[in-house]
1. Please compute the modelled spin-label separation between SER123 and HIS140, points set 7 Å along Cα→Cβ, answer in nm with one decimal.
2. Could you state the orientation-averaged shadow area of the convex hull built on the Cα atoms of region 143-232, in nm² to one decimal?
3. What is the distance, in nm, between label points placed 7 Å from the Cα along the Cα-to-Cβ direction at CYS66 and at TYR107?
4. Just subtract the alpha-carbon distance of HIS45 and GLU207 from 0.36 nm times their residue separation and send over the number in nm, one decimal.
5. Charges at C-beta only: +1 for Lys and Arg, -1 for Asp and Glu. How large is the resulting dipole of the chain about its Cα centre, in Debye rounded to 20?
6. Ratio of alpha-carbon Rg to the 2.2 N^0.38 Å globular estimate for the chain, to two decimals, please.
7. Two-decimal Rg/Rh of region 23-125 from alpha-carbon positions, Kirkwood Rh?
8. Would you mind telling me the antiparallel percentage of the DSSP bridges in the chain, rounded to 5?
Amino acid sequence: MYKTLILFLLSLFAAGAIVAAAPKIAVDEAILDFGEVREGDLVTHTFILSNAGDETLTITKINPWCGCTTIPSVSKTELAPGETAKLEAVLDTVGLGTTINKSIAVYSNDPETPELILSMQGSMKQIELAPYQISNADLHWLFYLLIDLREAEEYAAGHLMGAINIPYAQLEEWIDRLPRILTILYDRDGSLSDQAAQTLEEAGFYEAKSLFGGYNEWTRRYKDKYVFTSDKNEDQP
């Protein structure tokens, strides 16, 4: 009888240990106080996540609660017990007011804390610009990329102001070097730029656009407006 009781208690203890085994998400600091910044500054910070449990921790999703925070990148999503991962967060302070408190939700298979909240807090000093000045933040949002897909000879003869020349056949070689911003592509009549825009979209350029009708349609409508031609003695890149 006594032996049976001991075995029963041991089995309960073992079952409890199995139930207790679980991943546990932890972070070095859940709240970042970045102090005072100027409007338009980018606040960057690396949160250190770790697995304080005794089973593999799986990070399933990271969700910023504000469009001002880019979707953070994490160095790894599977953490063995004791392992750590870096979560890189970037906060854009444009238009956030004088007091800032923005959060990032980290979802995982931790049964006790399936949603871990990280916060970036601080204050912003607004800058008065002169009428002839533009902020870095405004320029950042206005930036776009204009790509002329024609051959170098056609580009040199005349192209839209600000366009860089990447012949269509070479576009894929440039994909890893191009910024993922509003990208407008054109060729002679729009046929190649339509294909190029779809190629870039599939590669993650979700704001890639093809100029309808291409260079020919532009010059038909607007003649040489915003067009640089070789007879304007423009230095070629």
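Quick note: the coordinates plus some simple rules give every number you see, no bench work behind them. Only a predicted model underlies this, so the values are computations on that prediction, with no experimental measurement involved. All Cβ positions, even for glycine, are placed from backbone atoms using ideal geometry, and neighbour counts span all protein chains on display.
1. Placing both labels 7 Å along Cα→Cβ, they lie 2.2 nm apart.
2. Its average projected convex-hull area is 5.5 nm².
3. 2.2 nm
4. Numbers: separation 162, 0.36 × 162 = 58.32 nm, distance 2.69 nm.
Result for the pair: 55.6 nm of gain on full extension.
5. Once rounded to the nearest 20, the dipole reads 540 debye.
6. 1.56
7. Working: Rg = 14.2 Å, Rh = 14.0 Å.
Rounded to two decimals, Rg/Rh equals 1.02.
8. On the way: 34 of 49 bridges.
The antiparallel proportion sits near 70 percent.
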